[in-house]
1. Pick from region 159-172 the residues that are crowded, with 19+ Cβ neighbours inside 10 Å and out of contact with any helix residue (DSSP H, G or I) (no Cβ under 6 Å at 6 or more places or on another chain): which of them is farthest from GLU70 (Cα to Cα)?
2. Please count how many residues of region 140-160 are part of a loop (DSSP other than H, G, I, E, B) and touching a Phe, Trp or Tyr at 6+ places or on another chain (Cβ under 8 Å).
3. Can you tell me which residues in region 24-46 are open to solvent by 90 Å² or more (accessible area, probe 1.4 Å), of a type in the set (Lys, Arg) and under 21 Å from ALA89 (Cα atoms)?
4. If I ask for residues that are buried (at least 19 other Cβ atoms within 10 Å of the Cβ) and not in a helix (DSSP H, G or I), which ones from region 93-113 would you list?
5. For GLU137, indicate whether it is open to solvent by 50 Å² or more (accessible area, probe 1.4 Å), touching a helix residue (DSSP H, G or I) at 6+ places or on another chain (Cβ under 7 Å) and in contact (Cβ under 8 Å) with a residue 40 or more places away in the chain.
Amino acid sequence: MGAQLRVYKQKISSAQTTKKITKAMELIAASRIQKAMARVRASSPFARAVTRAVSAVATHSNVEHPLTRERPVIRRSAVVIFASDRGLAGAFNSQILREGLELSELLRSQGKEVAYYVVGRRAVGYFQFRRMQTEAEWTGDTDTPHFRTAEEIADVLLAAYNRGGDNGGVDEIHLVYNRFVSMMTQSPEQVRLLPLEVVEADEASSAQVYPLYEFEPDAETVLDAVLPVYIQSRVFNALLQSSAAKHAATQKAMKSASDNADKLITDYTRLRNNARQAEITQQIAEIVGGADALSSGK
């Protein structure tokens, strides 16, 4: 019985230590979510302004720009998967990897070759373990993304798109990332980045009269200047959304782990008390038996 009590005490101690770690990680993730969401909100006005500028030029001009023109034949498609550098986030990484692979299967069924661009150590490790080739990898900047990372990703994607599928580049680009919906929900999102698809207005504003635009120096030069900034802002927004979603997933996973540790502590405490009671009962029985033996011997 003594050995069994020691085992239960060790398990209770391990569960308590685990709970301290998971509780601390839950609190850290909660504080990081607020910062991540503040960065998303801060970047939204700029992203909306760039989107309006691109929409104005693409909608109110007749310029055929390489980034807005649909190519006759799409031979090679880029799939950019935004994962995280760290784990302990529940199904965050697995669901976005699954989403990216499902999109790849859809593109292959349409006769397109798929080129992977991955962000985050978890995605890099996934592709390396399965010996799947990637065109480019970015790690170390998923928890608190910096704009320079978005610039690097955008430059690589633009260069591959400008080369085209016939010259080792790509003919279209898709972004796959987790979008922060709420503290409990992170939704996988697919966005076709290039060729550019601009949605000018929804049904509520379809009757709105838009102003006439004049472009200085000309629409093509304006597009050359604005479109790279637009792509950088979309990539940066995907990084920020993925970061916020990851911290929310981590908090949810760590809260679940803390709750499970509490349940383990309760269960092992009950088992320890039962074992202790059984040991006490056995000792009392042995004392009573010994006393009866002594009295009967007289």
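The values are calculated or read from the model by the stated rules, or taken from the named source; none is laboratory data. What you are looking at is a predicted structure, and each value in this text was computed from that prediction instead of being measured. As a convention, Cβ positions derive from the backbone with ideal geometry for all residues, glycine included, and neighbour counts pool all protein chains shown. To get the accessible areas, we keep the full protein, side chains included, count just its heavy atoms, and leave off ligands, DNA and RNA. Shrake-Rupley method; radii C 1.70, N 1.55, O 1.52, S 1.80 Å.
1. Filtering first and then ranking leaves ALA160.
2. Residues in region 140-160 being part of a loop (DSSP other than H, G, I, E, B) and touching a Phe, Trp or Tyr at 6+ places or on another chain (Cβ under 8 Å): 2 in total.
3. ARG32, LYS35
4. Scanning region 93-113 gives a single hit, LYS112.
5. The answer is no for GLU137.
For every residue, the table says whether it meets (1) at pLDDT 80 or above; (2) of a type in the set (Gly, Ala, Ser); (3) open to solvent by 70 Å² or more (accessible area, probe 1.4 Å); (4) part of a helix (DSSP H, G or I).
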site: PHE215; (1), (2), (3), (4): no, no, no, no
site: LEU227; (1), (2), (3), (4): yes, no, no, yes
site: TYR230; (1), (2), (3), (4): yes, no, no, yes
site: GLU279; (1), (2), (3), (4): no, no, no, yes
site: ALA285; (1), (2), (3), (4): yes, yes, no, yes
